[in-house]
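Here's the structure, in structure tokens; my notes come after.
Laboratory data are not the source of any read-out in this text; all were calculated from the coordinates shown. The structure displayed is predicted, hence computed values, not measured ones. Cβ coordinates were reconstructed from backbone atoms using ideal geometry, including for glycine residues, and neighbour counts include every protein chain displayed.
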Amino acid sequence: MFFDSHAHYDDERFVLDRDDLLKKINQSVDYVINCGADLKSSRESINLANKFDFIFAAVGVHPENVKDIKQKDLDELEFLAQKNKKVKAIGEIGLDFYQKGFSRDDQIYFFKKQLEIANKLNLPVIIHSREANQDTFEIIKSYAKTNGVIHCYSGDIRMALDYINLDFFIGIGGIITFKNAKKILDVVKNISIENILLETDCPYLSPEPNRGKRNDSSNLIYVAQKIAEIKNISLNEVAEQTKLNAKKLFDIN
């Protein structure tokens, strides 16, 4: 029924029950994109994708992890994406200026390098952007061939429409169920369902009523119900259209 466009099932919080949980999740979730955050998790995402038919992989280095990256790591990242048919995107990549102690110049440099890999391989990107909305947008705009999804979107409606004009989708997850989520509520209300992807970012960002607990793809129903309520459409329409959107972006038949 659902397509989870952003998950981290390689995370250690799933170590005790990962396989059983994923088998259970597949009863209500048709597809999952498991995203890399560094080379290790990118490899593990591919392993999960090869083990479970309904899981696909994204490979990339998160902005918080670029401090240790070398050119050979970029070469391996490109090799992993090129070699494995179940790799459907480069991600999670981007900029994070919220956390202190990380070089902005390094983040920008390696963000651009990974965008170049995506362009070279004709793959979409999964973008992390925190406290860096304008910088992220300006960089993406300079890569004309690039398309993808803005994960855990935190910008305003104007920028959302600008991203949509660049052939990007807006990733909506558990935050939309939070009481203080006024900005993202406005975005969802004013963009088409054809421009939205569902995501969990599990094990993080569980929606209400499970906020604070370990997240997983079974919680997508709460995100979809909130979107259906905001847009005054059926839950089934949200599930089916966002699944079509994700299958289109990630080239899954």
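Computed quantities for the displayed model
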| item | result |
| --- | --- |
| 222 nm mean residue ellipticity, helices alone, for the chain (DSSP H n ≥ 4; -39,500 (n - 2.57); rounded to 500) | -13000 deg cm²/dmol |
| Distance from region 197-211 to region 115-154 (C-alpha centre basis), Å | 22 Å |
| GNM flexibility winner over the chain from 197, 115, 74 (Cα, springs under 10 Å) | 74 |
| Which of 175, 90, 33 has the fewest Cβ neighbours within 10 Å, and the rest in rising order | 175, 33, 90 |
| Whole-number D in µm² s⁻¹ for the chain, Kirkwood Cα-pair radius fed into Stokes-Einstein, 25 °C, 0.890 mPa s | 137 µm²/s |
| Cβ-placed point charges (K, R +1; D, E -1), dipole of the chain about Cα centre in debye, nearest 20 | 140 debye |
| Of 101, 173, 91, the one that fluctuates the most in a GNM where the chain has Cα springs shorter than 10 Å | 101 |
| Alpha carbon centroid spacing (whole Å) that separates region 47-79 from region 231-247 | 29 Å |
| Ranking of 79, 2, 102, 14 by count of other Cβ atoms within 10 Å, fewest first | 79, 102, 14, 2 |
| Residues 214, 158, sorted so that the one with the fewest Cβ neighbours within 10 Å comes first | 158, 214 |
